[in-house]
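Remarks on the structure that follows.
Readers should treat all values here as calculations from the given coordinates under stated rules, not as data from a laboratory. Keep in mind the model is a prediction, meaning the values are calculated, not measured. So basically every Cβ, Gly included, is an ideal-geometry build from the backbone, and we count neighbours across all protein chains shown.
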Amino acid sequence: MSEETDPNLVEQSAEVTANMTEVFETSHEIWKTFLEAQAQDGTLPKFDPLNTMPAWLALGRAMYDNPKEVADATLAYWAEQGALWQAATLKWLGAKDAELPDFKYKAKADKRFQHKDWSENALFDYLKESYLLTSGWINHTVHTVGEMDPRERRKAEFYTRNFVEAMNPANFFSLNPEVLEATADQRGANLVRGLKMMLADLKRGKGQLLIRQTDMDAFEVGRDMAVSPGQVVFENEIFQLIQYAPTTEEVYSKPILFIPPWINKYYVLDLNEKKSMVKWLVAQGYTVFMISWVNPDERQKDETWDSYLTKGAMTAIDKVLEETGEKSLNLASYCIGGTLAGTLMAYMGKTGDKRVASSTFFTAQLEFSDAGDLQVFVDDETIKAVDEEMEQGYLPAHKMASAFNMLRSSDLIWSYIVNNYMLGKDPFPFDLLYWRS
């Protein structure tokens with residue numbers, strides 16, 4: 001006597017088969033797109049473009065010269081792993097009160113482990129705890145072992161942290177309970193959406209994976225952001241000068257000029273009506289001017305720091321004062337635009353130029369002896385590699401994006417790898433990340 005096949009099961013099996021077929025086809029297209037882009041590029045990847053080898057050699061020497069310190073830390077690590085295994089075994093056997101001891105090296109859990117199975121499922125809980133213990137031990141050892149040049153240690157710490165974050169079990173399909181659950185519930189449709197998104201991002205980056213961090217169709221400059229009315233009152237080969245329309249009957253006589261960084265768009269100060277410093281300032285009666293730097297290409301290849309100082313900032317000051325008929329103005333700047341403004345203030349002070357009444361700096365760095373993690377990208381070999389990338393006279397956008405993403409790889413790389421490409425979810429529409437893109 002034969003049993004009838006459940007039609008729902010047949011339908012679900014067919015859906016899984018169709019989705020997996022599409023997954024394999026899209027994966028093939030991804031590899032094809034990537035390899036074709038590399039072939040067209042015609043250059044072989046450099047062995048160590050970011051000059052990390054000296055830092056690893058210094059770390060190796062520090063570990064070699066301090067065997068007892070390394071041995072003690074290793075024994076302590078394995079003792080903690082043993083305690084973790086004991087607690088995990090008790091949990092697998094059903095013990096509900098099996099609490100973990102206070103580990104010396106364990107890193108703090110973050111939002112990547114929010115799914116309930118990371119705590120409730122014994123297997124995934126062990127994966128999480130073992131990863132946190134191991135990553136904490138690795139980072140601690142690199143930070144403390146032996147004596148190292150501070151710059152080399154910082155570089156070793158930075159790339160170690162990026163490696164550790166890449167190895168997070170949440171980044172892997174078969175080790176992430178949320179991804180496995182979504183794949184089962186959606187019969188693989190999440191993977192279809194995710195890989196199609198990856199293919200689109202790869203094509204958008206012309207063979208480089210430009211991870212979308214927000215909904216790229218949700219915003220439009222002039223429609224949803226940068227909406228404060230104004231007009232271009234001057235332009236040359238490196239910038240346009242925008243004057244914003246007043247919204248009060250009377251305005252203060254002394255204007256304000258903003259100097260933004262030339263590696264990004266000026267309108268971070270005018271994202272939308274609720275996040276616009278420009279809108280607020282003109283509503284208070286200020287006359288606001290903004291530099292909008294030209295997005296560079298081969299035509300700007302010969303421009304220098306001095307160009308941006310003279311043809312840029314100083315020319316903008318000249319034009320603002322011509323437009324308003326005033327003798328001085330207030331200056332505001334941020335990021336590398338603030339560094340330029342600091343140079344400008346020093347130059348004007350030396351030459352006795354008193355046309356700037358005040359200068360305000362937002363998140364601008366003027367003293368670079370400790371420039372944070374960005375210092376890992378600044379040494380002779382790395383700068384040489386950057387110069388080679390800039391044969392056309394400018395640094396490609398994806399190179400700059402990659403560097404900034406590495407500063408917070410957990411938030412700016414891996415969270416989107418999982419959300420976009422494994423869960424198949426569209427990134428949340430976020431105007432600040434759209435501006436950043």
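For the residues TYR77, TYR64, TYR421, a GNM of the chain with alpha-carbon springs under 10 Å puts the largest fluctuation on TYR64. Label-to-label distance for HIS143 and ALA184 is 3.7 nm, based on points extended 7 Å past Cα in the beta-carbon direction. Computed from backbone phi with θ = phi - 60° and the Karplus coefficients 6.51, -1.76 and 1.60, the 3J(HN,Hα) list for region 273-281 is 4, 8, 10, 10, 5, 4, 4, 5, 5 Hz; x is used for glycine and proline. Coupling constants for region 295-305 follow from the phi torsions by the Karplus curve (6.51 cos²θ - 1.76 cosθ + 1.60, θ = phi - 60°), and in residue order they are 5, x, 9, 4, 5, 9, 4, 9, 6, 10, 4 Hz; glycine and proline get x.
D by Stokes-Einstein for region 297-411, Kirkwood Rh over Cα pairs, 10 °C, 1.306 mPa s: 96 µm²/s.
By the combined test of axial Cα extent (at least 15 Å) and Kyte-Doolittle hydropathy (mean at least 1.0), none of the DSSP H helices of the chain qualifies. Mean-square fluctuations from a GNM of the chain, with a 10 angstrom spring cutoff on Cα atoms, peak among LYS68, LYS106, LYS279 at LYS68. Residues whose amide H falls under 5 Å from that of TYR334, counting only those 5 or more places apart or on a different chain, are ILE259, PHE362, with hydrogens built in the peptide plane.
In loop segments of region 320-428 as defined by DSSP, the GluC sites (Glu not before Pro) with at most 10 further C-beta atoms inside 10 Å of their C-beta are GLU367, GLU391. For region 262-272, backbone phi angles converted through the Karplus equation (6.51, -1.76, 1.60; θ = phi - 60°) give residue-by-residue couplings of 8, 8, 7, 7, 5, 7, 4, 8, 8, 5, 7 Hz, Gly and Pro being listed as x.
Just for the chain, what percent of DSSP beta bridges are antiparallel, to the closest 5?
If I count the DSSP bridges inside the chain, around 45 percent turn out antiparallel.
Solvent-free Debye calculation, one equal scatterer per alpha-carbon of region 36-164: log10 I(q)/I(0) at 0.09, 0.15, 0.22 Å⁻¹ equals -0.39, -0.82, -1.21.
Normalised by 2.2 N^0.38 Å, where N is the number of residues, the C-alpha radius of gyration of the chain stands at 1.24. Amide H contacts of MET225 (H built 1.01 Å from N, in plane; Pro and chain starts excluded): GLU220 sit under 5 Å, all sequence-distant by 5 or more or on other chains. A straight line joining the Cα centroids of region 328-381 and region 56-71 runs 40 Å.
Under 5 Å from the amide H of PHE234 lie the amide H atoms of LEU241, each residue being 5 or more positions distant or on a separate chain, with H modelled from the backbone and absent for Pro and chain starts. Taking every alpha-carbon pair under 8 Å whose residues sit at least 6 apart, the chain reaches a relative contact order of 19 percent.
Adding -39500 (n - 2.57) for every DSSP H run of four residues or longer, then dividing by how many residues the chain holds, sets the calculated 222 nm ellipticity at -15000 deg cm²/dmol. Using alpha carbons only, how many angstrom separate the centre of region 205-279 from the centre of region 103-122? About 41 Å separates the Cα centre of region 205-279 from the one of region 103-122.
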